[in-house]
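> For reference, the structure I am asking about is given below.
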Amino acid sequence: MSASVMIGVLALQGGFEAHERMLRRLGAETCQVRVPVDLDGLDGLVIPGGESTTMTLGVEREGLVEPLRELAAAGTPILGSCAGMIMLDREHLGLMDMRAERNAFGRQIRSFETDLEIRGIEGPPLRGIFIRAPWIAEHTEEVEILGSVDGRAVAARQGELLAVAFHSELSEDDRLHRLFVERVNARVAARQAGQAR
Ligand code: GLN
């Protein structure tokens with residue numbers, strides 16, 4: 001039997017612990033990422049929600065910008081949630097060909113929950129918890145939109161990068177994280193098969 005995969009969670013700021021709990025529940029091992037060396041040997045990475053300006057400053061301070069870009073360039077699956085989605089866009093780490101609009105849902109409804117259909121997730125709609133959430137304001141054809149709320153794109157994929165505007169780590173429904181962990185497992189299995197050849 002193969003060992004479980006190791007998924008890092010960027011832990012400079014924000015809601016990283018809830019992601020770790022959910023990833024562990026799904027059978028992954030997790031570790032907290034604060035400095036570049038923490039990225040060594042990771043099979044996947046989660047960038048959690050929080051505050052994207054603070055997170056950007058932390059990433060720059062710790063010299064994580066280039067190492068994170070290299071991790072993505074190596075094809076490592078990355079999940080960005082809420083502020084994590086903002087971090088992935090072209091105005092931040094520049095890993096996805098899209099622009100996320102911060103606090104896009106406006107002051108009146110800064111935080112809300114809603115059911116949404118996500119492409120790739122079977123069964124009943126997913127419960128999305130939105131906390132001062134962004135939406136995807138622009139994107140190229142490279143970015144596949146996986147789900148929307150009121151016509152606003154809130155979930156997307158580009159290659160191995162997955163971005164959601166909501167906090168799937170806070171709901172009981174673990175299907176979004178499951179989708180991500182399955183992707184990480186698949187990549188590790190493919191790598192091992194390649195090595196065994
Ligand atoms: N509004 C926050 C930001 O702009 C994101 C909120 C969140 O991650 N829950 O960074």
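> So what is the relative contact order for the chain, in percent, with contacts set as C-alpha pairs under 8 Å and at least six apart?
Details: 398 pairs, mean separation 37.8, N = 197.
In percent, rounded to a whole number, it is 19.
> In segment 100-171, how does Rg compare with the Kirkwood Rh, expressed as the Rg/Rh ratio over alpha carbon atoms? Kindly include the intermediate steps, with their values, before the conclusion.
Working: Rg = 11.7 Å, Rh = 12.4 Å.
Checking Rg against Rh, the ratio lands at 0.94.
> Enumerate by residue number the GluC sites (Glu not before Pro) in segment 144-181 meeting two conditions: DSSP loop (anything except H, G, I, E, B), and at most 11 other Cβ atoms within 10 Å of the site's Cβ.
Numbers: sites: 144, 160, 169, 172; in loops: 160, 172.
Listed in order of number, the matching sites are 172.
> Something else: Could you list 56, 140 so that the one with the fewest beta carbons within 10 Å of its beta carbon is first and the one with the most is last? Before the final figure, lay out the partial values.
Values: 56 19, 140 10.
Sorted ascending by nearby Cβ count, the order is 140, 56.
> When the chain is fully extended, how far beyond the present Cα-Cα distance does residue 142 get from residue 117, taking 0.36 nm per residue of separation? Before the final figure, lay out the partial values.
Values: separation 25, 0.36 × 25 = 9.00 nm, distance 2.06 nm.
Result for the pair: 6.9 nm of gain on full extension.
> Which order do the peptides 44-51, 58-65 take when ranked by the mean count of other beta-carbon atoms within 10 Å per residue, highest first? Show your work: numbers first, answer last.
Working: 44-51: 25.2, 58-65: 15.1.
Ranked by mean Cβ neighbours within 10 Å, highest first: 44-51, 58-65.
> Another question, then. Divide the volume of the convex hull of the Cα atoms of the chain by its number of residues and quote the answer in cubic angstrom per residue.
Values: hull volume 23.0 nm³, N = 197.
Convex hull of Cα atoms, per residue: 117 Å³.
> How much mean residue ellipticity at 222 nm does the chain get from its helices, if each DSSP H run of length 4 or more adds -39500 (n - 2.57) and you divide by all residues, to the nearest 500 deg cm²/dmol? Mind showing how you got there, number by number?
Details: 5 runs with 57 residues, N = 197.
Helix contribution divided over all residues of the chain: -9000 deg cm²/dmol.
> Pulled fully out, how much extra length does the chain show between residue 186 and residue 66, if you take 0.36 nm times their separation in residues and subtract their Cα-Cα distance?
Working: separation 120, 0.36 × 120 = 43.20 nm, distance 2.53 nm.
Gain in length upon complete extension: 40.7 nm.
> Still on this structure, please answer the following. Rounded to whole Hz and in sequence order, give me ³J(HN,Hα) for segment 165-179 from the Karplus expression 6.51 cos²θ - 1.76 cosθ + 1.60, θ = phi - 60°, writing x for Gly and Pro.
7, 10, 9, 5, 6, 9, 9, 6, 7, 9, 5, 6, 5, 4, 4
> While we're looking at this one, here's another question. Express the relative contact order of segment 1-96 as a whole percentage, based on alpha carbon pairs under 8 Å and six or more residues apart in sequence. Provide the component values of the computation, followed by the final result.
Numbers: 156 pairs, mean separation 27.3, N = 96.
About 28 percent, as a whole number.
> Next question. Determine the gain in length on full extension of the stretch residue 103-residue 174; use 0.36 nm per residue of separation and subtract their C-alpha separation, reporting nm with one decimal.
Details: separation 71, 0.36 × 71 = 25.56 nm, distance 2.44 nm.
Length gained between residue 103 and residue 174: 23.1 nm.
> Please list the equivalent ellipsoid semi-axes of segment 44-132, computed as the square roots of five times the alpha-carbon gyration tensor eigenvalues, in descending order and whole angstrom. Display every interim value, and only then the final one.
Values: eigenvalues 123, 64, 21 Å².
So the equivalent ellipsoid measures 25, 18, 10 Å along its semi-axes.
> Given that compact globular proteins tend to follow 2.2 N^0.38 Å, what is the ratio of the alpha-carbon Rg of segment 32-78 to that value?
Relative to the rule-of-thumb radius for its length, segment 32-78 sits at 1.09.
> State to the nearest 20 debye the size of the charge dipole of segment 74-197 about its Cα centre, where the only charges are +1 on K and R beta carbons and -1 on D and E beta carbons. Present the calculation step by step, with values, prior to reporting the outcome.
Working: 16 positive and 19 negative charges, 66 e Å.
The calculated dipole for segment 74-197 is roughly 320 debye.
> In sequence order, what are the phi-derived ³J(HN,Hα) couplings for segment 71-81 according to the Karplus relation 6.51 cos²θ - 1.76 cosθ + 1.60 with θ = phi - 60°, rounded to whole Hz, with x for glycine and proline?
For segment 71-81, the Karplus-derived couplings read 4, 5, 5, 6, x, 6, x, 10, 10, x, 10 Hz, x marking Gly and Pro.
Every number in this text was worked out from the coordinates using simple rules, so none of it is lab data. What you see is a predicted model, and the numbers here were worked out from it, not measured in a lab. All Cβ positions, glycine included, derive from the backbone under ideal geometry; neighbour counts span all protein chains shown.
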